[in-house]
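> Okay, handing you the structure first.
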Amino acid sequence: MKKELKIVILSIVILIVSVIGCVYLQTKNKEEKNDFQETIADQIETDDDDPIKNYQYINLSIGQTTKISYDFLAEKLTKVNFTSANQEIATVDNEGNVTALAVGSTTITLDYTGGTIEFYVSVDDSYSSNASTTETKIHFISLHRPDTGEFKASDAILLESNGKYALIDAGYSATRNSLYSYLMQFATNGVLKLEFVLITHNHTDHIGALTYLLQKDNIIVKTLYINKYYKNDIMTKYMGGSKQENYAIYNSQKNKEYVINNQTRYNNVITLMKQRHESDSSNFNIYYLSGADDARKSSGGLRTLDFGNYTIRLYNTKQQLKSSKMDYNGFDSGNCLNDYCRNADGNVNSVVAKVTSNVNGVIHTTLLTGDLNYPLLQGITKSAGKVDVFKMPHHGVYATNKRKGLTSTVIRNSLKNSIGSNTIVVVTAAKSKFTNRSILGMLYVSKTLGRPMYYTGGNSGPDGKTIVINYARSNLSVEYN
């Protein structure tokens, strides 16, 4: 009997130790997985300040008046109060009528029972002026948040030629007011027509503000060039070495939000373009760069665009899809777990544009690299050859492009193929943001190739200015706006 009791007690002790061990291992694994997920999430290009829910934007020309609407507030308001931070720029009465008095910006604050809402007012005197009809320039637009002045590293590039305009990428949604204000200086009688908008790839820092532009009646987009977006295409670079790891990383909340934000931006843009096309069939047309609505069936896609004094050669328009078993209708955890989720990265599908200008026989070339990674860029730069203006890929960063095939030799070849002794190199970021782990390509440009780099974010971000290059000049130089 005593022997049997000892066996029972020993069994219980073994069971308790086993349970404690399992709990410890699960906790440790969970902590390690969370640490790993956080490391991955830190590398993601986020637009976590958006959607912006606590403030609105108002753009006015001098003398213009608008009424602030606050019908979107759920509360039944019994008492409201409006104040202007700078009455020399714009005034506001008790009914919410805002009147623009001078060029500049100010804040209109709405105080109500449940809190406050700030309306950022930008006043410009250029909305009714006629834009130039002779210039051929490229504008690398420096984009800032209107409420904080914070520079956001993103792409928004305006092509100007003979009084016509086109936009390549549109930056973050959080900087939409900054982009809109810049574009409106080229409006004629308050209306700006864009011959086309080209979206290199559907990440939030390239497509984010386009929804805002398409909601403006005074912005006309003749044609949108874009590729179909599948929300699970962007996840490759965040995938680990096992199926379970892939599944866990995707399901981190920050990654989900990033994927959903990209999908939401894309869906909104397509919906608005179709709605605008219904009311104006001569404008607001959609052309899928891959040559098909469904990129899986594409065999090539658009190759060239002509615009004013520009001829634009497009590369990498055929989307690369690494798996034949992807769920194109949305993420499915079961399929992901079984099929390893090896899908194409959004940056892998970034379109590259070689822009050639010819102004009265003065010819210049520019290579706009989007966010394409270096292994793929190497072949394109070899084909494109030396150019006069070169935009560094992926805002100068290569860290999130680390993958098989990326070596220092690949980076060097990708750059030296197109950067010559007189090439102007533009970086759509702030110089202060870079660390040693991410500037291998930039060090090669400055130290080995000896070329200076110009940053849309300046040295520290707040001092960033739009970089403008005039293609009518034989010897190119950087101007600022």
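The values are calculated or read from the model by the stated rules, or taken from the named source; none is laboratory data. Source: prediction; values computed, not measured. Cβ atoms come from the backbone with ideal geometry, glycine included; neighbour counts cover every protein chain shown. Heavy atoms of the whole protein, side chains included, go into the accessibility calculation; ligands, DNA and RNA do not. Shrake-Rupley method; radii C 1.70, N 1.55, O 1.52, S 1.80 Å.
> Tell me the residue from Asn86, Asn59, Asn54 that is surrounded by fewer than 17 Cβ atoms within 10 Å (Cβ to Cβ), modelled with pLDDT under 85 and closer than 21 Å to Thr148 by Cβ, please.
Asn54
> Looking only at region 425-476, count how many residues are outside any loop (DSSP other than H, G, I, E, B), at pLDDT 90 or above and touching a strand residue (DSSP E or B) at 6+ places or on another chain (Cβ under 9 Å).
The number of residues fulfilling the criteria is 11.
> Another question about this same structure. Could you tell me whether region 125-137 includes any residue that is closer than 28 Å to Tyr455 by Cα, among the polar types (S, T, N, Q) and modelled with pLDDT of 80 or more?
The answer is yes; a qualifying residue exists.
> Considering (1) in contact with a Phe, Trp or Tyr (Cβ under 8 Å, 6 or more places away or on another chain); (2) of a type outside the set (D, E, K, R); (3) at pLDDT 90 or above, say which one Tyr182 fails and leave the rest.
Of everything listed in (1) in contact with a Phe, Trp or Tyr (Cβ under 8 Å, 6 or more places away or on another chain); (2) of a type outside the set (D, E, K, R); (3) at pLDDT 90 or above, Tyr182 misses just condition (1).
> Let me ask you something else. Please pick out the residue among Asp345, Asp327, Asp293 that is outside any strand (DSSP E or B), under 21 Å from Thr369 (Cα atoms), modelled with pLDDT under 85 and acidic (Asp, Glu).
Every option except Asp345 fails the conditions.
> Of the numbered conditions (1) touching a strand residue (DSSP E or B) at 6+ places or on another chain (Cβ under 7 Å); (2) over 30 Å from Asn360 (Cα atoms), His206 fails exactly one; give the number of that condition.
(1)
A quick yes/no check of all residues on (1) of a type outside the set (Lys, Arg); (2) under 17 Å from Phe390 (Cβ atoms); (3) open to solvent by 40 Å² or more (accessible area, probe 1.4 Å):
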residue	(1), (2), (3)
Met442	yes, yes, no
Pro452	yes, yes, yes
Thr456	yes, yes, no
Asp463	yes, no, yes
Glu479	yes, no, yes
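> I've got another one for you. What pairs come up if the first residue lies in region 271-283 and is surrounded by 10 or more Cβ atoms within 10 Å (Cβ to Cβ), the second is in a helix (DSSP H, G or I) and polar (S, T, N, Q), and their beta carbons are under 8 Å apart, counting only those six or more places apart or on different chains?
Close Cβ pairs satisfying both conditions: Leu272/Thr211.
> Report, by residue number, each residue of region 97-123 that is part of a loop (DSSP other than H, G, I, E, B) and farther than 26 Å from Tyr182 by Cα.
Correct list: Thr113, Gly114.
> Which condition number does His203 fail, the rest of (1) open to solvent by 10 Å² or more (accessible area, probe 1.4 Å); (2) at pLDDT below 90 being met?
If we test His203 against (1) open to solvent by 10 Å² or more (accessible area, probe 1.4 Å); (2) at pLDDT below 90, just (1) comes out false.
> Please enumerate the residues belonging to region 97-124 that are modelled with pLDDT of 85 or more and more than 22 Å from Gly190 (Cβ to Cβ).
Thr107, Thr109, listed by residue number.
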